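The values are calculated or read from the model by the stated rules, or taken from the named source; none is laboratory data. Since we're looking at a predicted model, the values are computed, not measured. Because the Cβ atoms are built from the backbone with ideal geometry, glycine has one as well, and the counts that use them run over all protein chains shown. Each accessible area value is taken on the protein alone, full model and side chains, heavy atoms only, with ligands, DNA and RNA left out. Shrake-Rupley method; radii C 1.70, N 1.55, O 1.52, S 1.80 Å.
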Amino acid sequence: MHILQQRKVESNNSIAGKIGSTWRIAVWIGKGWRKHLQAAVGLFNMKSPSFIMASSSKFTVGYALTAKKTQSFMQPALISLARSKGITFAAIDRSRPLEEQGPFDVILHKLTTEAWNQQLRAYKLRDPEVLILDPPEAIKKVYNRQSMLQEVAALNFRHCRGKVGIPKQLVVDNDSTSISEKVARAGLKFPLVAKPKFVDGTANSHALSLAFNEVCLSELRPPLVLQEFINHGGVLFKVYIIGHIIKVVRRFSLPDVRENEVNKSGVIPFPRVSCAAASADGADLDPIVRELPPREMLESLSRELRGRLGLSLFNLDMIREGGKGSRFYVIDINYFPGYGKMPDYEKVFTDFLSSLAERKHKVSSVR
């Protein structure tokens, strides 16, 4: 009986010891688990900034686009890919004041009314950290074909791989009867490309025509811009710029004009050159004609123009003189162009937004 009692006491002491050990382990875990977990997460975060954005913060892009632009740009694939990177798109309700919505990290827009621009300015005053893509004042420059190419011309861009300029051009604000005299005074050579002076997002603002001689100039309707037509092998390069990212695609353009065609009469209208159906990327072209402009030249040009124009989202319509050589011309600049027509635009645009999110996170970390 005594032996049984002794074994019972030893057993109870053993159980108590195990319980005590377990309790001490639990206390250690309770005190230390948070510190060790934080250290592990911190190590992971240092290796993967995108993990921080996706798991611990939210990056919201408010967008205000026309119905047509929303349909072409806000595709499910873009929304899904962006969400996987911690980026959320939020449609801005244009029936409500902008200041009642948000908060937004970025406002992506392509609206042109002064009332909307005033709302953007007011929102920026309330939230100075919001990034507006792009500032209305900068966008105005490229909605006017008189001013859109001025920065390119002023740049007088020269690179070891090529030279970039603009065609000789003339702005005509009124009086179609005096166009011929103005063209002669400016020394422009035929044929001339006639473009509406203002870009307002309508089909008419992209209604271009080709004038072969001075007799037909009176048929044109100001305000407009006249550019000397430059033979370029029938291929145009769409240089898409999304922040620091560049993507170039080929488009079929107007065919070269032969010398015996210059004496044609009348104004010949032609459709908008850049469209998805006119892609020349898979076409059987002369290797010299299909060669893309040098990458390093475009990167340098893009960097200069982003600074001068104050824009992050635009594209350049560029041609190569004669379809070969190193002389290039920018003939048009478009704000927030049809990125939906650009191959892999979902990834390119998501990468751009991710870079903005990471930059904002770094700034916040310093503070």
Inset, instruction - Could you please report the charge total around Phe198, scoring K, R as +1 and D, E as -1 over all other residues with beta-carbon less than 14 angstrom from its beta-carbon? - result: +3
Legend entry - Potential extension, Thr88-Lys68 segment - 0.36 nm per residue separation minus Cα distance: 5.1 nm
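Please report the carbon-and-sulfur percent of the accessible area for the stretch 146-235; probe 1.4 Å, protein heavy atoms only, DNA, RNA and ligands left out.
Numbers: 2020 of 4160 Å².
Answer for the stretch 146-235: carbon and sulfur cover 49 percent of the accessible area.
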Inset, instruction - First compute the accessible area of the stretch 312-352 with a 1.4 Å probe, then give the percent of it belonging to carbon and sulfur atoms. - result: 45 percent
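In nm, what is the difference between 0.36 nm times the number of residues separating Ser95 and Arg185 and their Cα-Cα distance? Numbers along the way, then the final one.
Details: separation 90, 0.36 × 90 = 32.40 nm, distance 5.07 nm.
That pair, Ser95 and Arg185, stretches by 27.3 nm at full extension.
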Legend entry - Stokes-Einstein D in µm²/s, Kirkwood radius over Cα pairs - the stretch 77-149 at 10 °C with 1.306 mPa s viscosity: 115 µm²/s
Legend entry - For the stretch 75-86, 3J(HN,Hα) per residue [Karplus equation, 6.51 cos²θ - 1.76 cosθ + 1.60, θ = phi - 60°, Hz, x = Gly/Pro]: 7, x, 5, 5, 4, 5, 5, 4, 4, 5, 9, x
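Return the FRET efficiency for the residue pair Arg158, Ser80: r is the Cβ-Cβ distance, R0 is 51 Å, and the value is rounded to the nearest 0.05.
Working: r = 43 Å, r/R0 = 0.85.
Efficiency for this residue pair is about 0.75.
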Inset, instruction - Give me the accessible area per residue for the stretch 94-140, probe 1.4 Å, as a whole number in Å². - result: 53 Å²
